[in-house]
Amino acid sequence: MSGMLHASSTRFGEIIVDSDRATTVLLAVLFIVLSLVLMLDIRQTVWGTPNHIAINGTLNRVGAALSLVYCLVLVFRWSNRLIRVGSTLLAIDLVIRFAFTYLQLTSAVRPTLVFIRSATLQISLIIFLVAIANWFRTVVRWSPPSPSQGDGE
């Protein structure tokens with residue numbers, strides 16, 4: 001029985017993933033999307049002028065408010081420390097974006113808040129990427145060679 005795959009295991013060639021396909025694919029897509037968002041923010045920080053971080057549009061503000069609530073729920077409900085720290089940093093990023101949206105900030109404070117916002121977003125994205133990579137590390141393993149392959153003897 002130990003050589004059989006679990007009902008939730010998926011085989012991809014010589015690799016076995018001890019998770020269902022939907023979760024595996026969704027986390028792989030999330031990893032790619034978060035990587036792209038991180039690269040875009042780093043590019044904007046290094047080469048651009050990220051002074052326009054205010055949240056424009058009613059739907060964007062509602063979405064950001066819901067994201068903030070969701071981040072705060074994750075901070076207090078999730079047991080994984082990495083996810084909690086990443087959610088806290090993402091919540092800080094959203095609070096700063098709301099400050100740019102609704103408060104009249106002086107020109108002396110703006111560059112500091114832009115830097116803090118960028119740093120918290122990038123660190124939170126890195127933390128989420130590490131958490132996803134750790135998850136993949138726990139569920140992905142090489143499959144043992146089948147008896148038909150033999151040792152070549």
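Residues checked against (1) assigned to a helix (DSSP H, G or I); (2) at pLDDT below 90; (3) touching an Asp or Glu at 6+ places or on another chain (Cβ under 9 Å):
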site	(1), (2), (3)
Leu89	yes, no, no
Asp93	yes, no, no
Arg97	yes, yes, no
Thr101	yes, yes, no
Pro111	yes, yes, no
Ile127	yes, no, no
Val130	yes, no, no
Asp151	no, yes, no
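Do you know which of the residues in the range 17-59 that are among the charged types (D, E, K, R) and surrounded by 11 or more Cβ atoms within 10 Å (Cβ to Cβ) is nearest to Leu113 (Cα to Cα)? Of everything passing the filter in the range 17-59, Asp41 is nearest to Leu113 (Cα to Cα).
Pairs meeting the criteria (first residue in the range 99-118 and over 15 Å from Ile55 (Cβ atoms), second residue surrounded by 13 or more Cβ atoms within 10 Å (Cβ to Cβ), beta carbons under 7 Å, at least 6 apart or on different chains) are Ile116/Ile96; Ser118/Asp41; Ser118/Thr45; Ser118/Pro50. Can you spot a residue in the range 122-144 that is farther than 18 Å from Phe31 by Cα, surrounded by fewer than 18 Cβ atoms within 10 Å (Cβ to Cβ) and polar (S, T, N, Q)? The answer is yes, given that some residue of the range 122-144 is farther than 18 Å from Phe31 by Cα, surrounded by fewer than 18 Cβ atoms within 10 Å (Cβ to Cβ) and polar (S, T, N, Q).
Write out, first by first residue and then by second, each pair whose Cβ atoms fall under 7 Å of each other, whose residues are 6+ apart or on separate chains, and whose first residue, in the range 27-52, is assigned to a helix (DSSP H, G or I) while the second is at pLDDT 85 or above and among the small types (Gly, Ala, Ser). So the pair list comes out as Asp41/Ser118; Thr45/Ser118.
The values are calculated or read from the model by the stated rules, or taken from the named source; none is laboratory data. For clarity, every value in this text was computed on a predicted model and none was experimentally measured. All Cβ positions, even for glycine, are placed from backbone atoms using ideal geometry, and neighbour counts span all protein chains on display.
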